[in-house]
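Colleague: Sharing a structure here in structure tokens format.
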Amino acid sequence: MSITTNEYGQPIGAPVPGWSPRPLPSAETLEGAYCRLERLNAQRHGEDLYAAYRSASDDRDWTYLSVGPFNDPQAFQRHLETAERSVDPRHYAVIDKRTGKAVGTLALMRMEPNSGVIEVGFVTFSPLLKRTPISTEAQFLLMAYCFDELGYRRYEWKCDSLNAPSRAAAERLGFQFEGVFRQVVVYKGRNRDTAWYSILDSEWPVLKQAFKAWLAADNFDAQGKQRASLGELRKRLS
């Protein structure tokens, strides 16, 4: 790989010709085959989301989130009202198109339009969508929106370094591990070392093809089991 140098012979970053700041997210709805993402609305989505989250056998899904768990609907509704008003993070409800019900949420956050960097976070998926095509498609819809429509250069995923399920999800979705930042956050009275992952715009074309191939109807048998994993499809396309 060639190295760019300045007039003093110092190595500098590669030029980004024609770059301009990216727009902030503004989409109210993103449509997929299995789900759609709607801008979070506490009144419209609150009852469905509370029921979806309470269908879990315990509160472990809230351990690594900075909020929750919520054991009464009034407290949960207040949380949603606060999230609805937020611009960064910008929260979306995941709607199961078969039932029309909200079954989880996720958000775009830590937006840096001048550099084209954005993060997906506050991923709060209920048992009604975990391990279903909906959970993958919801992530794909946000990625495609940020890369294809808004033109961002870098899409990030960060989590507690001890959160093994989140780290596995990032790797399954094609994020690249970049390292652990120590003692970055204090939440719920405890320390968080943060694991960083990212996808770059140069990596997106192959990932996009893999997502589309994985989500295709013919990738699932009659019992709904995948024929090829996302990882296998990425290897074939690389």
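The values are calculated or read from the model by the stated rules, or taken from the named source; none is laboratory data. All values reported here derive from a predicted model rather than from experimental measurement. Cβ placement follows ideal geometry from the backbone for every residue including glycine, while neighbour counts extend to all protein chains displayed.
Colleague: Taking the conditions exactly as written (at pLDDT 95 or above and not in a strand (DSSP E or B)), does residue 105 satisfy them or not?
Modeller: Working: at pLDDT 95 or above: yes; not in a strand (DSSP E or B): no.
Considered against the rule, which asks whether it is at pLDDT 95 or above and not in a strand (DSSP E or B), residue 105 comes out as no.
Colleague: Still on this structure, I have one more. What is the residue count in the stretch 108-153 for residues that are assigned to a strand (DSSP E or B), touching a Leu at 6+ places or on another chain (Cβ under 9 Å), surrounded by fewer than 23 Cβ atoms within 10 Å (Cβ to Cβ) and among the hydrophobic types (A, V, I, L, M, F, W, C)? Let's see the steps before the verdict.
Modeller: From the stretch 108-153, those assigned to a strand (DSSP E or B) are 108-112, 117-125; that's our starting set.
Checking which are touching a Leu at 6+ places or on another chain (Cβ under 9 Å) leaves us with 108, 111, 118-125.
If we keep only those that are surrounded by fewer than 23 Cβ atoms within 10 Å (Cβ to Cβ) too, we end up with 111, 119, 121-125.
Cutting the leftovers down to among the hydrophobic types (A, V, I, L, M, F, W, C) gives us 111, 122-123, 125.
The qualifying residues number 4.
Colleague: Cβ-Cβ under 9 Å, sequence separation 6+ or interchain: first residue in the stretch 124-146 and over 16 Å from residue 89 (Cα atoms), partner in a loop (DSSP other than H, G, I, E, B) and of a type in the set (Phe, Trp, Tyr). Which pairs?
Modeller: 132/34; 133/34; 134/34; 136/34; 137/34; 138/34
Colleague: Only residues that are surrounded by 13 or more Cβ atoms within 10 Å (Cβ to Cβ), in a loop (DSSP other than H, G, I, E, B) and small (Gly, Ala, Ser): list them for the stretch 154-203, please.
Modeller: 161, 174
Colleague: Let me ask something else about it. Exactly one of (1) modelled with pLDDT under 95; (2) surrounded by 13 or more Cβ atoms within 10 Å (Cβ to Cβ); (3) of a type in the set (D, E, K, R) is unmet by residue 72. Its number?
Modeller: (2)
Colleague: Please pick out the residue among 83, 42, 107 that is over 25 Å from residue 186 (Cα atoms) and in contact (Cβ under 8 Å) with a residue 12 or more places away in the chain.
Modeller: Details: 83 fails: over 25 Å from residue 186 (Cα atoms); 107 fails: over 25 Å from residue 186 (Cα atoms).
Of 83, 42, 107, the one residue that is over 25 Å from residue 186 (Cα atoms) and in contact (Cβ under 8 Å) with a residue 12 or more places away in the chain is 42.
Yes or no, residue by residue, for (1) modelled with pLDDT of 95 or more; (2) within 30 Å of residue 216 (Cβ to Cβ):
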| site | (1), (2) |
| --- | --- |
| 1 | no, no |
| 7 | yes, no |
| 10 | yes, no |
| 15 | no, no |
| 22 | yes, yes |
| 27 | no, yes |
| 36 | yes, yes |
| 39 | yes, yes |
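Colleague: For the stretch 216-229, check the following and say yes or no: at least one residue is at pLDDT 95 or above, in a strand (DSSP E or B) and among the hydroxyl-bearing types (Ser, Thr, Tyr).
Modeller: Within the stretch 216-229, not a single residue is at pLDDT 95 or above, in a strand (DSSP E or B) and among the hydroxyl-bearing types (Ser, Thr, Tyr).
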